[in-house]
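Note sheet for the following structure.
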Amino acid sequence: MQSNAYGASLAGGAFDFESFVKKPQTILRFLSWVFSIVVFASITAEGYINPHTAGETKCMFNNNDSACNYAVGIGILAFLGCVMFLLLDAYFPNISNAKERKYIVVGDLTFSGAWTLLWFICFCVLTNQWVKTNNDVVSADAARAVIAFSFFSIVTWALLSYFAIGRYRQGVSEFNQDYTDPAQDHSSPYPPAPSSYQQAPFSNNQGPQGEYQPPTY
């Protein structure tokens, strides 16, 4: 019987591309990867404008460069994170050490939870700045695309966090978790060895001896 740990056999196994592609985590990571590209690529290509009254380019979100820099920064890091965890997910079945798998799952949970929060902040900031922006001098389609895919990223990263929590709770298989002390296992066909010391059959605490009687001839 092979035991499992965090969703895969502890004995390790060959990489199955078809099953890997069909996993919900793989689909969500790919979508998150695409969404991050849309966000930082749109801002990089069309997010900085040069108003007629200014000599240098400004962010299309209310001329707030911090908003554009923030979105580009978390978009690039999300892109790299998706690639890294996709590779780890592909290699995951070949890891036979339960502790190493635990570190990967905890890292996935931490990263996914953090980026869910960061994308939510990004969506709120960009939406707030866009409301204050003069739409006559910016590319409205690019700005709306950035805001929309920031929102989509919240959903995908939240789902990744959900699956990471489920995989963490799964932990190691029942083979390792449900170990029972044989002395406490009453369902075992073999009775436990006695644990108490039994007195020796011959004891020195015998009753008083009678008087000596010489043999009769």
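The values are calculated or read from the model by the stated rules, or taken from the named source; none is laboratory data. These figures come from a predicted structure and were not determined experimentally. Ideal geometry is used to build each Cβ from the backbone, glycine not excepted, and the neighbour counts take in all protein chains shown. SASA here: full protein model, heavy atoms, side chains in, ligands and nucleic acids out. Shrake-Rupley method; radii C 1.70, N 1.55, O 1.52, S 1.80 Å.
Given a Förster distance of 25 angstrom, what is the FRET efficiency for K102 paired with I37, based on the Cβ-Cβ distance and rounded to 0.05? Computed FRET efficiency for K102 and I37 comes out at 0.20. Note on R144/F30: beta-carbon distance plugged into 1/(1 + (r/R0)^6) with R0 of 25 Å gives a FRET efficiency of 0.60.
Annotation: per residue accessible area for the range 77-166 equals 50 Å², rounded to a whole number [probe 1.4 Å, protein chains only].
Tell me, in nm to one decimal, what length is gained between S66 and S19 on full extension, where the rule is 0.36 nm per residue of separation less the Cα-Cα distance? Spell out each step's value before the answer.
On the way: separation 47, 0.36 × 47 = 16.92 nm, distance 4.16 nm.
In short, 12.8 nm is gained.
Taking every C-alpha pair closer than 8 Å and separated by at least 6 residues, the mean separation divided by the residue count of the range 17-175 gives a relative contact order of 35 percent. Once the chain from R169 to L117 is taken as fully extended at 0.36 nm per residue, the excess over their C-alpha distance is 16.6 nm.
Using the Cα coordinates of the range 17-175, the gyration tensor eigenvalues translate into equivalent-ellipsoid semi-axes of 37, 13, 12 Å, sorted from longest to shortest.
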